[in-house]
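Everything below concerns the one structure shown next.
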Amino acid sequence: MRLLLSSLFMKSPFENLQKHADKVKECAHLFKEAAVCHIGEECKKFDLLTEQVARLESEADYIKRNIRNHLPRGILMPVDKFQFFQYLREQDKVLDEVEDAMFWLSFRPRGIPDEIAADLNHLVDAVIPPIEKLSDLVALATEYFRTKSEAQREKIKSLIRDIRQYEREADHLERELKFKIFATIKDALVVFHMIRLVEIVGEIADHAQNASDRMRAMIAR
Amino acid sequence: MSIDVIVLFLASLVGLYVAANIGANDLANAMGTSVGSRALTLKQAVLVSVIANLLGAVLAGGHVTSTISKGIIDPGLLINEPNNLMLGMFAALISAGLWVHLATYSGLPVSTTHAIVGAVVGFGILSVGPGAVSWGKIIAIATSWVVSPAAGAAIAGGIFYLIEKRIMSVRDPYTAAVHYAPALIFLVVLVLILSVIFKALKNLHPEIGHFYAVLLTIPCAALASLVGRKWVRWQVRLKCELGPNPQGHSPEECLFAQLQVLTACYVAFAHGANDVANAIGPLAAIFSVVKTKSVALQVEVPLWMLLVGGMAVGGGLFAFGTRVMETIGKNITEITPVRGFCAEFGAATTILVCSRLGLPVSTTHVLVGAVVGVGLMRGMGTLDLRILKKIGLSWIVTLPFTIVLAMVLYKLLTVVL
């Protein structure tokens, strides 16, 4: 059996990119649950949630490596391979930051001062939607590269605008929270821990936005 | 029973095997694109392939057939040795069949066309010396191996670029597709009718010039495009708007799926016109020797032989090619009707032009070129261009292998018989 045409086609990396984005989304939900639990009370399941995030991160890493390993030289894609890898890198960084934020939360159990607990919760809430939207973004892009439909492209652009808006809101909340930390907390150790934590949480939204920017470059005409 | 009748009988068997192999592999690969895009179901693809391939072989297969038998070596040099020509062509058929058989099972993407050409060259070198081989013709054929996939890529890529720009990228792609459908149908039908006129009528020796042929074709293609427009819209309404669309195509893709039925017929027709000659060419030369007991300078290929060759290709596809098509259909879901249409149109046009020039090109390799052409326009999913290296390797390996094998077999046959 001579399957010349079959051997010309490879499995689309977008399939794995979607799996990766879904892992990121799953992590976002766990992060939200862990943050609410940790900020509000003595959290018994925090360690379990951290473990689950670490496991998801390692699974996503495996998917990332798999994508990279299966796109050697001589592969022709509907998008620039460099931009594709840049996108993957940013999407993966979202996960890394989520994991990092979990670690920073865990370094000081019951270490969130009551004065900023509500604001921190707001910030965490603000960074979840852009992460969730990445999964929708990949799904839309997969369809777009299949059909090259303008309507599909418009949907992607609208989603990218949404993500940018979410990131701006998260940025704004991050700045406000930093002001509040410096204004209300006197203990230098707590200030350091809080500022670093807030920065990491803010970076989650930054990377989600960076990823969407790469997607914009990928769909550029 | 005389020795030449035995040789004819055995050569017919080998020829039928080579033809069946073309159907099971080459034609099945070409039609796999239509199954992959869900433009045709497996059963429809088999039916279309068998009928269109047969028509291609009978109506337009003769021109290439004469090139295979007399274009590569000059039979005039063997005018006093008809038996040598017969044995040589027999050796060529066996070598090609054996090589294609071996390559198929070892996964090397060889071309049946190249195998036959190499084998005829091998026998030519040994029987009448390297001087008898039309090296200019061989160089022209070898050039076409590079030029034809490149032409397929250019045509398919160009068509895809235009379709993407004018149809898929606009706000209402379905309306744009309906708007441009007559032009596309016109183009496909024009090339199809022209190729039939140039090649089929050539067999019938008509006194008709190129200018009048084109003049005659334009109104026919225009009429076909008008009728085709209505047919396409009716099909789209039937399959995509009124009822469920099990293939999951958008309305504009659904329209292209209907157009792809046309290009699929076109590919199968081109295959018949071009590839049946591979198996039948040497057989026609043997038949001519057995019948006339002499070497004819102009080998007339009997119509029934083209018919039998076409049927053997169809039989091979029906018996063994369905599995190939099914596997390709499952594996290459990346081919949408738009991509499939462009690739098939690009490939078939190139094949027919080359076939018109008397160049036996590899249909599958041209199709690969066309698919890559669409890919270069960023139109395909993930394409593994490393296959091009394999194809290049198969070009390099096929010729020396079949040349040497044909030489050995020819020597053996002349000693034994």
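A few remarks follow.
- Cβ-Cβ under 8 Å pairs, at least 6 apart or on other chains, segment A:33-55 side crowded, with 18+ Cβ neighbours inside 10 Å, far side assigned to a helix (DSSP H, G or I) and of a type in the set (Ser, Thr, Tyr): A:34/A:50; A:38/A:106; A:46/A:106; A:50/A:106
- Put simply, of B:213, B:222 the only residue that is surrounded by fewer than 18 Cβ atoms within 10 Å (Cβ to Cβ), assigned to a helix (DSSP H, G or I) and at pLDDT below 85 is B:213.
- Within the set A:155, A:186, A:180, the sole residue that is over 30 Å from residue B:176 (Cα atoms) and in contact (Cβ under 8 Å) with a residue 12 or more places away in the chain turns out to be A:180.
- Segment A:134-152: number of residues that are in a helix (DSSP H, G or I), at the interface with chain B (Cβ under 8 Å from one of its Cβ atoms) and without any contact (Cβ under 8 Å) to a residue 12 or more places away in the chain: 4
- Considering A:150, A:143, the condition of being charged (D, E, K, R), within 30 Å of residue B:175 (Cα to Cα) and open to solvent by 40 Å² or more (accessible area, probe 1.4 Å) is satisfied by A:143 alone.
- The number of residues in segment B:353-384 being part of a helix (DSSP H, G or I), open to solvent by less than 10 Å² (accessible area, probe 1.4 Å) and away from chain A (no Cβ under 12 Å) comes to 1.
- Qualifying residue in segment A:166-174 (condition: buried (at least 21 other Cβ atoms within 10 Å of the Cβ) and either in contact with a His (Cβ under 9 Å, 6 or more places away or on another chain) or within 14 Å of chain B (Cβ to nearest Cβ) (or both)): yes
- Inter-residue pairs, beta-carbon under 7 Å, first more than 9 Å from chain A (Cβ to nearest Cβ) and in segment B:319-335, second open to solvent by 40 Å² or more (accessible area, probe 1.4 Å) and part of a helix (DSSP H, G or I), 6+ apart: B:322/B:42; B:325/B:42; B:326/B:42; B:329/B:42
- Filter pass, residue A:12 being in contact (Cβ under 8 Å) with a residue 12 or more places away in the chain, within 12 Å of chain B (Cβ to nearest Cβ) and among the hydroxyl-bearing types (Ser, Thr, Tyr): yes
- Residue within segment A:55-69 that is within 30 Å of residue B:366 (Cα to Cα), within 12 Å of another protein chain (Cβ to nearest Cβ) and out of contact with any His (no Cβ under 9 Å at 6 or more places or on another chain) present: no
- Criterion applied to A:88, A:30 was being away from chain B (no Cβ under 14 Å), buried (at least 16 other Cβ atoms within 10 Å of the Cβ), closer than 23 Å to residue B:385 by Cβ and of a type in the set (A, V, I, L, M, F, W, C), and the one residue passing it is A:88.
- Meets criteria (within 14 Å of chain B (Cβ to nearest Cβ) and at pLDDT 85 or above) for residue A:83: yes
The values are calculated or read from the model by the stated rules, or taken from the named source; none is laboratory data. Computed from a predicted model, the values in this text were never measured in an experiment. Every residue, glycine as well, gets a Cβ built from its backbone with ideal geometry; the counts of neighbours run over all protein chains shown. Please note that ligands, DNA and RNA were not included when accessible areas were found on the heavy atoms of the full protein model with its side chains. Shrake-Rupley method; radii C 1.70, N 1.55, O 1.52, S 1.80 Å.
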